[in-house]
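Here, each number is a calculation from the coordinates, and none is a lab measurement. Remember, predicted model here, so these are calculated numbers, not experimental data. Reconstructed Cβ throughout: ideal geometry from the backbone, glycine too, with neighbour counts over all protein chains shown.
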Amino acid sequence: MTYLEVSDLRAGYGDGQVLHGIDLSVEQGEICAILGPNGAGKTTLLRALCGTIRAKGTVRLDGTALPRRRPEAVARMGVAHVPEGRGTFSPLTVEENLRVGAYLRRDRAGVAADVDRVYGYFPVLEERRAQAAGSLSGGEQQMVALGRALMARPRVILLDEPSLGLAPLVTRELFQIVRTINEQEQTTVILVEQNAHLTLEFAHRAHVLEVGRIALSGPADEIRADEQVARTYLGIG
Ligand code: ATP
């Protein structure tokens, strides 16, 4: 059985439909890249998955349908969303931001252990634990956003354009940590990105979205190796 199964997902804003029937299968422990140009609907897809916008169609996680339009219920099922623009709380300290990610949990000892677990992945955050998140660099803020998602011990992380505004080296470092988390915790990752070239290095499979439809799917290394595909769909090569 496919771990995350999206069938005929349609979604939009007001009268405007953005997603015109998305079918997507994601295996457990996979890093799944969603690529595509500006405005293709990548962010909208993540919003529809995590229940912050209305959607039709079905999404099943490990055989259970995700509730619609109830983001907290989706979060309780183990789906963590790291939105575009990170969504960190600037005046709160790094550690306070991490603890916000554990708001659904009551096990204090477990939460404390998970703060340390997050610092294990991001040592620089431990150094800055008492600093306001808003005073950090863009890359560090993205680490806080990811760390906050990890505090919920998610089964699936939805990561929306983490490279936005980051230098290529910082993005590479961040993707490396995402891969380490994926390998150590078998967390499934859905990674939305415009930076196709780098993303294809780190993802297992990739899907290219074009005007609200999946135009192409395949193993990331095959898509990367196919120059014509890379040129036609991704503007690289
Ligand atoms: P980008 O990388 O530019 O964010 P994207 O592939 O993530 O691109 P979306 O952000 O999902 O694309 O946008 C798809 C379409 O939905 C666009 O036409 C956009 O203008 C529209 N859209 C996005 N958010 C909203 C909103 N809150 N209200 C109305 N329309 C929206």
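Quick notes
- Within segment 18-61: backbone nitrogen closer than 13 Å to the V211 label point (7 Å, Cα to C-beta): 18-20, 40-41
- Between D226 and D15, the FRET efficiency estimated from the beta carbon spacing at R0 = 41 angstrom works out to 0.60.
- DSSP-loop chymotrypsin sites (Phe, Trp or Tyr not before Pro) across segment 99-152, with at most 15 other Cβ within 10 angstrom: Y103
- Between V229, G57, L4, the Cα set farthest toward the positive side of the dipole of the chain (charges on each charged residue's Cβ, about the Cα centre) is that of G57.
- If R0 is taken as 30 Å, the Cβ-Cβ distance between D62 and Q194 corresponds to a FRET efficiency of 0.50.
- Computed over the chain: relative contact order in percent, which uses C-alpha pairs under 8 Å that are six or more apart: 27
- The magnitude of the dipole of the chain, with charges of +1 and -1 set on the Cβ of Lys/Arg and Asp/Glu and taken from the Cα centre, is near 920 debye.
- Amide H contacts of G57 (H built 1.01 Å from N, in plane; Pro and chain starts excluded): R10 sit under 5 Å, all sequence-distant by 5 or more or on other chains.
- With contacts taken as Cα pairs under 8 Å and at least 6 residues apart, segment 8-75 reaches a relative contact order of 32 percent.
- Note on D226, D107, D114: ascending count of other Cβ atoms within 10 Å places them as D107, D226, D114, the fewest first.
- Remark: segment 150-165, residue by residue, has Karplus-estimated 3J(HN,Hα) of 5, 4, 8, 6, x, 8, 9, 10, 9, 10, 9, 6, x, 7, 4, x Hz, where x stands for each Gly or Pro and the curve is 6.51 cos²θ - 1.76 cosθ + 1.60 at θ = phi - 60°.
- Candidates L98, L200, L24: whichever shows maximal mean-square fluctuation once the chain is modelled as a Gaussian network with Cα springs under 10 Å: L24
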